[in-house]
Structures are given as structure tokens and as C-alpha cells.
């Protein structure tokens, strides 16, 4: 159960947000529900909410925050509360710092990374409450993004220039290691999502093999084919069953800072 519920957060933090915006985006609050496939049933089990604001720590930077966890009806089975936060440069989308606070049952762990571009190094601070606390360094490679800043980097992509099965390279920091991954473009599909038929760009991210994923291209992401490039749905196969996350239109809002939001 722990791995299933944690996966909902990983999908929302990595897959769902991967292609979030166009070059001049509005500020957003985006919310999603996560579902686990149990036989013929899809069971609503988790949620995640993204918010974007100006960074209070760095000039010319934005702060993207994701909060996710199990629904209250599932907390008695296994309670999850995860918070991810990224401060990144508004022009290059390269991160200044990234953090993840994971509270999953009795597992409490904090990851904090600071990016030093002058010396090309990432400073890592890993703390598992009551177990250990250690610091490390990672050699910084060019154009390395964290799990959240990669989402806003993708606003620069011109999706219409890609052909079906084209691979888009992505370099990411994940758990103190830098990985060269890719996303395969699958074309434009019309799909019913949250009760409405939507024209979407569809992508397939390369996943790392581990405790949850088999590895390979076992995830699909549906992104709205409009000026916002909103992530609408993601579905993935896992070691046991499958999961999906779908946007909650009632809890999401898109607006412009220069306009009044009613």
C-alpha cells in the first residue's frame, strides 16, 4: 500500500507537471485526484495540488510548490503527506534549490538540494528523522533540472515541430543522482477527460526501474493542446496494477497576475 500511494505523488510531481505551460504562462493553481486500479474498479485514493508564486529567496526567480497525500478516507490505512518545492530562475528555469519533505506512515525524510553554478556542484542534505542525517555533493552537469523546475522548462518547447515517436531529452536530479532521460512524443489525440472531450498532446516519459516501476515507457501524459499546455491526465503501469491521476477542474484555477481574478 505504501508504494501505491507514494506513486500517486511521484506521478503528479514528475509526469503530470512535465509539460505544463507555454512560454508566457499565467500563474496557476492546479489540483488532481489520484486513482488506483483494483480489478475493474478505479478507486480514488490520493490528491496533489500545485501552486506557483514569486520566490521570496532569489531575484528573478519563481517558486513552484506541490503538496500531495492520501485522502482522509485512506489515512487510517496508510497516511501520506508529501511537499515538494523548487526555486528556479525565471528565464532559464534552472533551479537554485529544491526540497522534498516526505511523511509516509512512520517514514519521515527530508531532501534539500542547493545548486552552485559557479563551482558546478549540488549540495545535498538528507535527513531521515530518528535514523540518520548526512550531507553530500553531486557534480552538476549542464542543464540539470529538478522534478518541478523541469515542468516550467518545458514551456519553451514547440510541440508542433515534433513528429510522432520523436524523443525529447530531459536531464534531471533524482535522489542525489543525475539522469539523462527522454520523453517520447506520441502525437495529438482527442480524449475524454473529466467529462469533456479534449484535444491533447500525448507523451510517454522514460521511467527509471525501481521498487514501483518496471522501467521503460510505461506512463502516458495527456496535455491540453491550447495556449496553456495544461497537464490533464496521466496513467501508468506499476509492478502491481496501474494508477492514474486526473485534473480536478473545480479546484484548479488559471489566471493572470495583471488581471483581477474573480
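The values are calculated or read from the model by the stated rules, or taken from the named source; none is laboratory data. Please read all numbers here as calculations on a predicted model, not as lab measurements. Every residue, glycine as well, gets a Cβ built from its backbone with ideal geometry; the counts of neighbours run over all protein chains shown.
I'm trying to understand the selection: among the residues of the stretch 76-88, which are modelled with pLDDT of 85 or more and within 26 Å of residue 246 (Cβ to Cβ)?
Scanning the stretch 76-88 gives 81, 82, 83, 84, 85, 86.
Rundown of residues vs (1) under 20 Å from residue 64 (Cβ atoms); (2) touching a helix residue (DSSP H, G or I) at 6+ places or on another chain (Cβ under 8 Å); (3) modelled with pLDDT of 70 or more, yes/no style:
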{"position": "155", "(1), (2), (3)": "yes, no, no"}
{"position": "177", "(1), (2), (3)": "no, no, yes"}
{"position": "187", "(1), (2), (3)": "no, no, yes"}
{"position": "204", "(1), (2), (3)": "no, no, yes"}
{"position": "237", "(1), (2), (3)": "no, no, no"}
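Pull out all pairs, ordered by first then second residue, where Cβ-Cβ is under 7 Å, the residues are six or more apart or on different chains, the first lies in the stretch 47-70 and is farther than 17 Å from residue 104 by Cα, and the second is modelled with pLDDT of 90 or more and assigned to a loop (DSSP other than H, G, I, E, B).
61/55; 62/55; 63/55
Let me spell it out: the conditions are (1) at pLDDT 80 or above; (2) surrounded by fewer than 20 Cβ atoms within 10 Å (Cβ to Cβ); (3) assigned to a strand (DSSP E or B), and residue 249 meets all of them except one. Which number is the exception?
All conditions pass for residue 249, except number (3).
May I ask you to say which residue of 125, 119, 91 is at pLDDT 90 or above and in a loop (DSSP other than H, G, I, E, B)?
Values: 125 fails: in a loop (DSSP other than H, G, I, E, B); 91 fails: at pLDDT 90 or above.
Result of the check over 125, 119, 91: 119.
For the stretch 25-57, enumerate the residues that are touching a strand residue (DSSP E or B) at 6+ places or on another chain (Cβ under 6 Å), assigned to a loop (DSSP other than H, G, I, E, B) and within 18 Å of residue 252 (Cα to Cα).
Within the stretch 25-57, just 26 meets the criteria.
Please tell me if residue 142 is assigned to a strand (DSSP E or B) and more than 24 Å from residue 83 (Cβ to Cβ).
no
Going residue by residue through the stretch 68-75, is there one that turns out to be surrounded by 13 or more Cβ atoms within 10 Å (Cβ to Cβ), in contact with a strand residue (DSSP E or B) (Cβ under 9 Å, 6 or more places away or on another chain) and at pLDDT 90 or above?
no
Name the single residue, out of those in the stretch 74-88 being touching a helix residue (DSSP H, G or I) at 6+ places or on another chain (Cβ under 8 Å) and in a strand (DSSP E or B), that is farthest from residue 49 (Cα to Cα). Before the answer, list the steps.
Here is the first cut: in the stretch 74-88, the residues touching a helix residue (DSSP H, G or I) at 6+ places or on another chain (Cβ under 8 Å) are 74, 78, 80, 82, 84, 86, 88.
Filter again for in a strand (DSSP E or B), leaving 80, 82, 84, 86, 88.
Numbers: 80: 14, 82: 11, 84: 10, 86: 14, 88: 19 Å.
Here the residue is 88.
Looking at the stretch 30-53 only, could you name the residues that are over 18 Å from residue 193 (Cα atoms) and surrounded by fewer than 14 Cβ atoms within 10 Å (Cβ to Cβ)?
Correct list: 38, 39, 40, 53.
Can you name the number of the only condition in (1) modelled with pLDDT under 75; (2) in a strand (DSSP E or B); (3) farther than 21 Å from residue 48 by Cβ that residue 254 fails?
Tallying (1) modelled with pLDDT under 75; (2) in a strand (DSSP E or B); (3) farther than 21 Å from residue 48 by Cβ, residue 254 fails exactly one: (3).
Just to check your reading of the model, which residue among 106, 165 is over 30 Å from residue 79 (Cα atoms) and loosely packed, with under 15 Cβ neighbours inside 10 Å?
Result of the check over 106, 165: 165.
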